[in-house]
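Here the structure comes first, spelled out in structure tokens, and everything after it is commentary.
The values are calculated or read from the model by the stated rules, or taken from the named source; none is laboratory data. Everything numeric in this text was worked out from a predicted model, so none of it was measured. Every residue, glycine among them, receives a Cβ derived from its backbone with ideal geometry; neighbour counts consider all protein chains shown. The accessibility values were calculated without ligands, DNA or RNA, using every heavy atom of the protein model including side chains. Shrake-Rupley method; radii C 1.70, N 1.55, O 1.52, S 1.80 Å.
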Amino acid sequence: MAAPRRAWLVFGFSTEEAAGELGPGPGPRRLESGPEGIRRVWPAWSYVVVETGAGLEVRSAGLRRRLPPGWTEALPSETHLVLRGPAAAGAWPRAAALRGELREAASWSRALPPPGPRRPLPLLPGGFATPRPPFFAALPGGVRARRLALGQEHVLALGAAGEAYAWGGGRHGQLGHGTLESELQPRLVEALAGVPMQAVAAGGWHSASISETGDLYMWGWNESGQLALPSKALVEEQAQDHDPGAGAAELMPHQEQLAAEDTAFISIQAFPALLDLPQDLEVSKVSCGSRHTAIITRGGELYTWGWGKYGQLGHKDNASSDQPRRVEYLVAEGLRAEEVVCGPWTTYICVLEP
């Protein structure tokens, strides 16, 4: 029997839409791999960097540009692209990266020590990279991070013993410290102390972590249901969509019902909340977009929730959801999910094809 093949699919906002062109729809779309295949992806809003057997490649609006050889990892944003190789890291303006031309002077560069134990970007020896200026920040000596995730305004780090640290902007509760205050330095997420974590993820303004036993914890902003907790904004949106022509008089009873149920809705969750997933599912991977979340279970199934305007949830519609929903397309096609990487408004999935 032939071994399963790996392929990458994408749901949601397309780079053609970002360029102002007519895109191919919300997905699923298959990433063209060529003979080398695709190993990893690093998405930004308007472009994505992929690693093939031949090196790194930038893709945007139907264009594909091979980056110069020697670079092994990417950290993209809408202003700059940070790259790391064996001996150095550097940042170039987005426009240069999209042309595949890095001949001009880097906006930032940093020499790296001889090859040794390496942690994935954004971690670098002595600190971490950011895809916007100042491009590098030091980590205090007491924090030994093995993974690090960047949100829009905050940072999460996974410590050597499975502890979680959070710092940066906290106005949406995304730090998990129980307040809406910002933190300038890494601070232990005390609510998770004593529960070793295996992974952390940072969205626009929300956060997630997976325990070693496969439990999922989430905290931060829930405006679009991205925490899989009851969202008042979604209920109001669904009511308006159900009857867009309804006047104030018709909507009044519904608004009164919402006011009576306000205590059941959660707009900000400032402490990590253990999610009650369907059928007590155990989670192996998690990724967060700007306002949506995707997980892979230990059984290889993909579940998504949160903001769905561009079809990034993979449910063949543009509806948002504050409930975890299995992506039935993968089940129907007999595909097992292996990796998931959320862009701001997209979801990239690596699957095994029978």
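With the simple model of a label 7 Å out from the Cα in the direction of the Cβ, E36 to L63 spans 1.9 nm. The phi torsions of the stretch 271-287, fed into the Karplus equation with coefficients 6.51, -1.76 and 1.60 and a -60° offset, translate into couplings of 10, x, 10, 6, 7, 8, 7, x, 6, 6, 4, 9, 9, 10, 9, 9, 9 Hz, rounded to whole numbers, with Gly and Pro shown as x.
If you take the beta carbon distance between E153 and R119 as r and set R0 to 25 Å, what does 1/(1 + (r/R0)^6) give as a FRET efficiency, to the nearest 0.05? Calculated value: 0.65.
Amide H to amide H distances under 5 Å link K285 with I296, where only residues 5 or more positions off or on other chains count and H is placed in the peptide plane. Per residue of the chain, the DSSP helices (runs of n ≥ 4 H) give a summed -39500 (n - 2.57) that works out to -3000 deg cm²/dmol at 222 nm. In terms of its C-alpha gyration tensor, the stretch 33-90 has an oblate overall shape, because the principal axis ratio a/c (a ≥ b ≥ c, square roots of the eigenvalues) is not below 1.5 and a/b does not outweigh b/c. Computed extension length for A96-S182: 27.6 nm, one decimal, from 0.36 nm per residue of separation with the Cα-Cα distance subtracted.
Structure remark: mean-square fluctuation, Gaussian network model of the chain, C-alpha springs under 10 Å; the largest value among L83, L188, L274 belongs to L274. Against the chain, whose longest principal axis comes from its Cα atoms, helix 232-242 is set at around 70 degrees.
Label point 7 Å out from E78 along Cα-to-Cβ: which residues of the stretch 303-325 have amide N under 19 Å? Taking a point 7 Å out along Cα→Cβ of E78, the residues of the stretch 303-325 whose backbone N falls under 19 Å are 307-312.
To test your reading of the geometry: what angle, between 0 and 90 degrees and rounded to tens, separates the Cα axis of helix 248-260 from the longest principal axis of the chain? It is inclined by approximately 80 degrees.
Using a probe of 1.4 Å on the protein chains alone, the accessible area found for T72 is around 60 Å².
Using 0.36 nm per residue, how much length does the chain from V331 to E353 gain when fully extended, once their Cα-Cα distance is taken away?
6.8 nm
Note down the relative contact order for the chain as a percent, whole number, built from C-alpha pairs under 8 angstrom at least six residues apart.
Working: 896 pairs, mean separation 53.4, N = 354.
15 percent.
Compute for the stretch 1-133: radius of gyration divided by Kirkwood radius, i.e. Rg/Rh, restricted to C-alpha atoms, rounded to two decimals.
Taking Rh as the inverse mean 1/r over Cα pairs, Rg/Rh reads 0.99.
Directionally averaged projected area (the chain, Cα convex hull): 19.9 nm².
Taking square-rooted eigenvalues a ≥ b ≥ c of the alpha carbon gyration tensor, is the stretch 145-228 rounded, prolate or oblate, where a/c under 1.5 means rounded and, failing that, a/b exceeding b/c means prolate? Walk me through the intermediate numbers first.
Numbers: a/c = 1.69, a/b = 1.24, b/c = 1.36.
In terms of gyration-tensor shape, oblate.
Close amide H pairs (under 5 Å, H built 1.01 Å from N) link S107 with A91, W92, residues at least 5 positions away or on another chain. Within the straight-line cut-off of under 12 Å between alpha carbons, the aspartates and glutamates reachable from K285 are E212, D215, E301, E338, E339, sequence neighbours fewer than 8 places apart in one chain being disregarded.
Across W307, W205, W71, mean-square fluctuation computed from a Gaussian network of the chain (C-alpha pairs under 10 Å connected) peaks at W71. Using θ = phi - 60° in the Karplus curve 6.51 cos²θ - 1.76 cosθ + 1.60, the 3J(HN,Hα) couplings for the stretch 321-326 round to 8, 9, 10, x, 10, 6 Hz; x is entered for Gly and Pro.
Around the amide H of E73, modelled in the peptide plane, lie the amide H atoms of R84, all under 5 Å away and 5 or more residues distant in sequence or on another chain.
The phi torsions of the stretch 299-316, fed into the Karplus equation with coefficients 6.51, -1.76 and 1.60 and a -60° offset, translate into couplings of x, x, 9, 9, 10, 9, 6, x, 6, x, 3, 9, x, 5, 7, x, 9, 6 Hz, rounded to whole numbers, with Gly and Pro shown as x.
For A137 and R103, FRET efficiency with R0 = 35 Å and r from the beta-carbon atoms, rounded to 0.05? Mind dumping the intermediate values first?
Working: r = 28 Å, r/R0 = 0.79.
Calculated transfer efficiency: 0.80.
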